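K.L.:
Mind looking over this structure? Questions follow.
The values are calculated or read from the model by the stated rules, or taken from the named source; none is laboratory data. These numbers were taken from a predicted model, which means no experiment stands behind them. A quick note on method: Cβ atoms are made from the backbone with ideal geometry, for glycine too, and the neighbour counts reach across all protein chains shown. The protein model used for the area step is the full one, side chains on, heavy atoms only, and it has no ligands, DNA or RNA in it. Shrake-Rupley method; radii C 1.70, N 1.55, O 1.52, S 1.80 Å.
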Amino acid sequence: MISAISRILVVDDEDDIREIVSASLEALGGHTVEPCESGNEAILKAAAFKPDIILLDVMMPGMDGPTTLGKLREIDGLQTTPVIFITAKAMPTEVDRYLSLGALGVITKPFNPMTICEEIEALWNAARP
């Protein structure tokens, strides 16, 4: 269980991924999840939801994850909200790019729904002093 994290914004254009991640985080981690199917939806919901952390898909139609992150950073209260990218594009140069954008880390698709809470916790804890 991720004790310091209770509210997680999950942004992914794939219904199955959103549902699996949300179900895992709620059932296994006891978290409150706000699923979003696009970057635009995330921008509309994020400020009111006040997430502790954001899980953000990289490749989405319309607005990709890195662009969405930039827009989220412009919203009051979200400038320092931790972000973890979820993507199948996880070559070392790509991961370096995501980290340079301020992400805590990357969870690679396909991921294990049974261990995603632990992966998030490990990235969260590694970023804490």
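K.L.:
Just to confirm my numbers, what's the Cα centroid distance between the stretch 26-63 and the stretch 66-129 in Å?
P.N.:
Cα centroid of the stretch 26-63 versus Cα centroid of the stretch 66-129: 12 Å apart.
K.L.:
For residue 83, list long-range residues whose amide hydrogen, built 1.01 Å from N in the peptide plane, is under 5 Å from its own amide hydrogen.
P.N.:
The list, which skips near neighbours in sequence, is 54, 104.
K.L.:
Within 10 Å of each candidate Cβ there may be at most 14 other Cβ atoms; applying that plus a DSSP loop requirement, which trypsin sites (Lys or Arg not before Pro) in the stretch 27-129 survive?
P.N.:
73
K.L.:
Another question about this same structure. When all protein chains stay in place, what accessible area (Å², nearest 10, 1.4 Å probe) is found for residue 95?
P.N.:
For residue 95, solvent-accessible area is about 40 Å².
K.L.:
Okay, next question. Can you list the residues, at least 5 places off or on another chain, whose amide H is less than 5 Å from the amide H of residue 36, using H built in the peptide plane?
P.N.:
Amide H to amide H, under 5 Å and 5 or more residues apart or across chains, residue 36 pairs with 10, 11, 12.
K.L.:
Follow-up question, since we're still on this one. How much of the accessible area of the stretch 1-102, in percent, comes from carbon and sulfur atoms when a 1.4 Å probe is used?
P.N.:
52 percent
K.L.:
Something else about it: How large is the accessible surface per residue of the chain, computed with a 1.4 Å probe and reported in Å² as a whole number? Before the final figure, lay out each step's value.
P.N.:
On the way: 6420 Å² over 129 residues.
Here the residues of the chain average 50 Å² of exposed surface.
K.L.:
Can you give the convex hull volume per residue for the Cα atoms of the chain, as a whole number of Å³?
P.N.:
Cα convex hull per residue, to the nearest whole number: 97 Å³.
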